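I have placed the structure first, in the form of structure tokens, so that the comments after it can refer back to it.
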Amino acid sequence: MKDESTPGVAIRLNQVTKTYGSGNAVVTAVKSTTLDIFNNEFFTLLGPSGCGKTTLLRLIGGFEYPTAGTILLGGEDIASVPPFQRPINTVFQNYALFPHMTVAQNIGFGLRMLKRPRHEIAARVDEMLKLVRLENLSDRRTSQISGGQQQRVALARALASEPKVLLLDESLSALDYKLRKEMQMELKSLQAATGITFIFVTHDQEEALTMSDRVAVLSSGEIMQVGTPHEVYIKPANHFVANFVGETNFLQGRGLNSDDRGAVIDVRGVGAVAIATKDRVAPGQLVNIVVRPEHLRILPLAQEPAGQLTGSVKAVSFCGAETQYTIELSRGAAVVTVRRYNTPEENLPIAIGDEVSVNFTPNSAQILPA
Amino acid sequence: MKLTATSAALILGLSTTVALAEGNLNIYNWGEYTSPELIDKFSKTYNIHVTQTDFDSNDTALAKVRQGSSGFDVVVPSQSFIPTYIQEGLLAETNPGQMENAKNLEERWRDPAFDPGRKYSVPWLWYTSGVSVNTSVFKGDINTWKVILDPPAELKGKINIVPEMNDIMFAAIKFEGGTWCTSDKALLTKVRDRLLEAKKSWLSIDYSGTLKMASGDVSASLDWSGSALKRRTQNHSIAYGLPKEGFTYGSDNVVVLKDAPNLENAKLFQNFIMAPENAALNSTFAKYGAAIIGAEKYYSDDMKGAPELTIPDDMKSKGELLTLCDPKITQLYSRIWQDVQK
Amino acid sequence: MASLEAVRSKSASRTRWLLISPAVLVVIIGAIAPLLVIVTYSFLTPGPTGGVNYTLSFDAWTRVLFDRDVFDDTLTLSGTNLEILLRSLLLSLATTVLCLLVGFPTAYFIATRNPLNREVWLLLVTVPFWTNLLIRTFAIQDLIRNEGIINTLLIKTGFISEPIQMLFTNFAICLGLVYVYLPLMILPVYASLERQDRSLLEAASDLYARPFNVLREIIVPLAKPGIIAGSILVFIPAIGTYVTPILLGGGRNLMIGNYIEFQFGQGRDWPFGSALSLALMAIVMVALLVYIRHGDSHGHEHG
């Protein structure tokens, strides 16, 4: 690494822009993005399809060159360096295993291209096979192994030459649910074991939250928020992040008054609701109150005096550990989703058509500008 | 029902064709060898519709006729093939020697060995084989096979040989002093060595090689009389030599097939082309001589008195009809010719 | 039950035979029957004016390999036949290799255009096929003859003072064959390249393969089925070619196709011609088997 590099930073994107086409037909895939990714970090680019996350990954991998901006790797601008000269390897979405080579030949390919001595390659391939637990499949063709095994070969192949950064492009999306869960754990522990910076692209917010040290949420080629999964979930920076990461209820209202400890919002059709927040809300300002489904509590209306919100149950769905209720608030305020753990204590019978009260504590909600 | 209707239509269609076939004549001849004016005149004179089909070699024509039901009325094979046609019973005995116009036949062609008494065939055109030479390139004696078999320095690398095995073998055998269809091994050894040596001076062995004489790519070629005449009209330096060692003359002949659908029309055609003014139309078109007395005065101007079409008196004894040899001999000659072409 | 099933399977198999009978008929009429005729002919003696005499003889087959000396009747290995065969093999091999060298980059170029332009390029590749083979061959003749376009240009620009003899050489034959058969190489190679997953190339590049190594390690091995198909499509018609050696080679150096044609024409030796063509078939078949097996053992197993 060079001296001028910022300690701890593996990849630094500086004002990176990528556009396609020319004249009137210019499409901007990535808009002037600046981002630091740290050493030994599991970093995730999260967003819906077409948000620019894959383009960003391809820019880092060298498969595309930025229209403007710099990409620093260890302090050195690699924006125009071809992929075969970047110490960055990729696990492709479809794995892109070479069909005319065996598992071992696939894993050893990068080292062979780097002209490493034969015995060194053999030893490293063995090591990688052990790491991904495929020792007995080394001579198989890639078409003769399962999807999960192919995934591991792709990983082993990308890791064999000990890259500074590993890129993973929607790498788990082709696997079934159970295998995906398994691979998530495996990836996480591989990352810890190798100490290599992983940059992971996914549209699956749950996957992103589970695996990442930090997450960047993207929309329309721009970064909406960068933070730990906790930050992104609990304190979404804007409406898009709140909506895209996890499930959320929005209650629209106008500010009544606010001070250092909180604000009072006039929710349409409900009345004044107090929220604990440090943000000031101007009187009359249109805002959204954001509450996660698991932070709402419901009780049968008959047994408890009416709370702040009331409504009627429209749907109930049992999800194993929890039950999800869809409730239409009175006077058409909103339709909200409520999630309740199926513990014996909470096991009050609530059925479709029941009138319920809906409560949340002031500090479990958040206010975002509408 | 539908099927019956179709078959009825088919039968109707067939009978229509048959009906039309009266007043037809189907000619099977070499390509570019039939005067359109001649055909036009024949059609108008007898109100007969003429259909022409081309072949490119005697062997192709013979093979097709052998299969039977070719639908052709007349074929125009080279004389060397006529005995085969006769022996295999492929021809109708039309006795053209007794036809009205047979009186016009030149003496030499009146009673040829390949068709004694002219029982089957009528001459179409006749030719000699010799050498065409560009006299601006080579000024020496051209009345010899030496020009192509032991060529002077000026002609080396500018010689074309027409790939007719019999013609080239005839030339080489005569040049070495032998007789045609010989199986004399000592002589054939010399023939082979001569050809192998000569091949080093040959540019090509190609039918279209003579066409390249006008442009100067080729300066000497094994050639036929009519072809040589055509070359001379394109390039006046080109002259035709009849080799004194011996040359062949031959003719292509109109024969009528035994299974000819229009036998009477075919006979009319045989008689028709023996008329001098009609034979001359053919000659003028193909530039070969007609074997018909009095045809010459109807020739086009460029052909009248053309040296290519005249055999000088002192050369007359040197010419002979080219015949087919025995299969064993042909096999032998093939071997030698292949050694040359390999 | 069992017997019912047997009846059913019997009728099913009958239906199956009925359904494939047109195909079987075509194969018998189109391929097997003519072949049988040729095999029969090869064991007969030549007729006096072409055709065959129905007397059994192994003479034709003996003469494929051996020459009965014209002059002393001793049998020797046939120099003529072997030389002609060797020339045919070498010329058609050279043609195949040249077609590959020219065709592969062309196919790659087309396969990497955008899909709309690809169709235009492919159409252009097939344009020569719209014209008769003879006309195309004559066109080449006109290009390379001594007073032809190339020599005239070279002389006018002062590169040479005497025309280069290109027509009537082995070079001319090769040029003609490559020109005629190039599309047969381009199309299958294109088909195999066009199917290739672009991400494999990116993966190779990602794993430190320079562009040349991407070509050598990924593109070429994966295009192997196309290369094999193209080579076969070029090699087989090239070795049997007939028109090109006459028109461009000047008929001085014959290939096996002309040699066979001669036996059925002027040579009047159909049995020998039959034996020669069967021998050629056998050689091509063996060559293909070796080639395909060799290609398989090194190639991959997916299409």
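The values are calculated or read from the model by the stated rules, or taken from the named source; none is laboratory data. Keep in mind the model is a prediction, meaning the values are calculated, not measured. Neighbour counts are summed over all protein chains in view; Cβ atoms, including those assigned to glycine, are modelled from backbone coordinates with ideal geometry. Protein only, heavy atoms only, side chains kept; ligands, DNA and RNA dropped before computing areas. Shrake-Rupley method; radii C 1.70, N 1.55, O 1.52, S 1.80 Å.
Summary table
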read-out: Given (1) in a loop (DSSP other than H, G, I, E, B); (2) in contact with a Gly (Cβ under 6 Å, 6 or more places away or on another chain); (3) open to solvent by less than 10 Å² (accessible area, probe 1.4 Å); (4) not acidic (Asp, Glu), number of the condition C:Thr244 does not satisfy; value: (1)
read-out: Residues being open to solvent by 80 Å² or more (accessible area, probe 1.4 Å) and either within 29 Å of the chain's Cα centre (by Cα) or of a type in the set (A, V, I, L, M) (or both) - total across the stretch C:143-164; value: 2
read-out: The stretch B:187-206: number of residues that are open to solvent by 40 Å² or more (accessible area, probe 1.4 Å) and more than 8 Å from every other protein chain (Cβ to nearest Cβ); value: 6
read-out: Within the stretch C:249-293, tally of residues that are closer than 15 Å to C:Val52 by Cα, more than 7 Å from chain B (Cβ to nearest Cβ) and open to solvent by less than 10 Å² (accessible area, probe 1.4 Å); value: 6
read-out: Within the stretch B:38-64, tally of residues that are open to solvent by less than 60 Å² (accessible area, probe 1.4 Å) and of a type in the set (D, E, K, R); value: 1
read-out: Filter result for B:Asn253 (out of contact with any Gly (no Cβ under 7 Å at 6 or more places or on another chain), crowded, with 20+ Cβ neighbours inside 10 Å, modelled with pLDDT of 90 or more and not in a helix (DSSP H, G or I)); value: yes
read-out: Inter-residue pairs, beta-carbon under 8 Å, first within 9 Å of chain C (Cβ to nearest Cβ) and in the stretch A:147-161, second part of a helix (DSSP H, G or I) and of a type in the set (A, V, I, L, M, F, W, C), 6+ apart; value: A:Arg157/A:Ile107; A:Arg157/A:Phe109; A:Arg157/A:Met128; A:Ala160/A:Ile107; A:Ala160/A:Leu111; A:Ala160/A:Val125; A:Ala160/A:Met128; A:Ser161/A:Leu111
read-out: The lone exception for C:Ile239 - which of (1) more than 14 Å from chain B (Cβ to nearest Cβ); (2) in contact with a strand residue (DSSP E or B) (Cβ under 6 Å, 6 or more places away or on another chain); (3) under 30 Å from C:Phe66 (Cα atoms) it fails; value: (2)
read-out: Count of residues meeting criterion [closer than 19 Å to C:Ile256 by Cα and either open to solvent by less than 30 Å² (accessible area, probe 1.4 Å) or in contact (Cβ under 8 Å) with a residue 12 or more places away in the chain (or both)] in the stretch C:29-58; value: 4
read-out: Count of residues meeting criterion [farther than 25 Å from B:Ser132 by Cβ, in a helix (DSSP H, G or I) and touching a residue at least 12 places away in the same chain (Cβ under 8 Å)] in the stretch B:166-191; value: 3
read-out: Per-region count, the stretch A:109-139, residues within 10 Å of chain C (Cβ to nearest Cβ) and open to solvent by less than 30 Å² (accessible area, probe 1.4 Å); value: 4
read-out: Breaking point among (1) farther than 24 Å from A:Glu162 by Cβ; (2) part of a helix (DSSP H, G or I), for A:Glu127; value: (1)
read-out: Sole exception among (1) of a type in the set (S, T, N, Q); (2) in contact (Cβ under 8 Å) with a residue 12 or more places away in the chain; (3) on the phi < 0 side of the Ramachandran plot; (4) open to solvent by 60 Å² or more (accessible area, probe 1.4 Å) for A:Asn24, by number; value: (2)
read-out: Inter-residue pairs, beta-carbon under 7 Å, first facing another protein chain (nearest Cβ under 7 Å) and in the stretch B:328-342, second among the polar types (S, T, N, Q) and open to solvent by 10 Å² or more (accessible area, probe 1.4 Å), 6+ apart; value: B:Leu332/B:Ser183
read-out: Tally, over the stretch A:187-208, of residues that are out of contact with any Gly (no Cβ under 8 Å at 6 or more places or on another chain) and surrounded by 18 or more Cβ atoms within 10 Å (Cβ to Cβ); value: 12
read-out: Residues of the stretch A:340-370 satisfying the condition of being within 17 Å of A:Arg292 (Cα to Cα), open to solvent by 70 Å² or more (accessible area, probe 1.4 Å) and at pLDDT 85 or above; value: none
read-out: Total residues in the stretch C:247-259, condition part of a helix (DSSP H, G or I) and over 13 Å from the mean Cα position of the chain (by Cα); value: 3
read-out: Members of the stretch B:84-113 found to be under 20 Å from the mean Cα position of the chain (by Cα) and open to solvent by 40 Å² or more (accessible area, probe 1.4 Å), listed by number; value: B:Ile86, B:Glu106, B:Glu107, B:Arg108, B:Arg110, B:Asp111, B:Ala113
read-out: Search result, residues across the stretch B:280-329 that are farther than 19 Å from B:Trp109 by Cβ, in a helix (DSSP H, G or I) and open to solvent by 50 Å² or more (accessible area, probe 1.4 Å); value: B:Phe285, B:Asp301, B:Asp302, B:Pro307, B:Asp314, B:Lys328
read-out: Pairs where the first residue, in the stretch C:192-209, is in contact (Cβ under 8 Å) with a residue 12 or more places away in the chain and the second is open to solvent by 50 Å² or more (accessible area, probe 1.4 Å), C-beta under 7 Å, 6+ apart; value: C:Ser192/C:Pro225; C:Leu193/C:Tyr108
read-out: Criterion (in a loop (DSSP other than H, G, I, E, B) and small (Gly, Ala, Ser)) met by exactly one of B:Gly209, B:Gly216, B:Gly226; value: B:Gly216
read-out: Count of the stretch A:76-107 residues which are closer than 21 Å to A:Thr17 by Cβ and part of a loop (DSSP other than H, G, I, E, B); value: 6
read-out: Looking only at the stretch A:163-186, and only at residues there that are touching a Ser or Thr at 6+ places or on another chain (Cβ under 8 Å) and in contact (Cβ under 8 Å) with a residue 60 or more places away in the chain, the one that is most open to solvent (accessible area, probe 1.4 Å); value: A:Lys164
read-out: Residue within the stretch A:92-99 that is within 14 Å of another protein chain (Cβ to nearest Cβ), within 30 Å of A:Tyr233 (Cα to Cα), in contact (Cβ under 8 Å) with a residue 24 or more places away in the chain and open to solvent by less than 30 Å² (accessible area, probe 1.4 Å) present; value: yes
read-out: Residues of the stretch A:140-162 satisfying the condition of being open to solvent by 30 Å² or more (accessible area, probe 1.4 Å) and in a loop (DSSP other than H, G, I, E, B); value: A:Arg140, A:Ser146, A:Glu162
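Results for (1) within 26 Å of B:Ile161 (Cα to Cα); (2) touching a Gly at 6+ places or on another chain (Cβ under 8 Å); (3) at pLDDT below 90, shown as yes or no for each residue.
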{"residue": "C:Val127", "(1), (2), (3)": "no, no, yes"}
{"residue": "C:Thr131", "(1), (2), (3)": "no, no, yes"}
{"residue": "C:Arg136", "(1), (2), (3)": "yes, no, yes"}
{"residue": "C:Gln141", "(1), (2), (3)": "yes, yes, yes"}
{"residue": "C:Ile144", "(1), (2), (3)": "yes, no, yes"}
{"residue": "C:Glu162", "(1), (2), (3)": "yes, no, yes"}
{"residue": "C:Val178", "(1), (2), (3)": "no, no, no"}
{"residue": "C:Leu184", "(1), (2), (3)": "no, yes, no"}
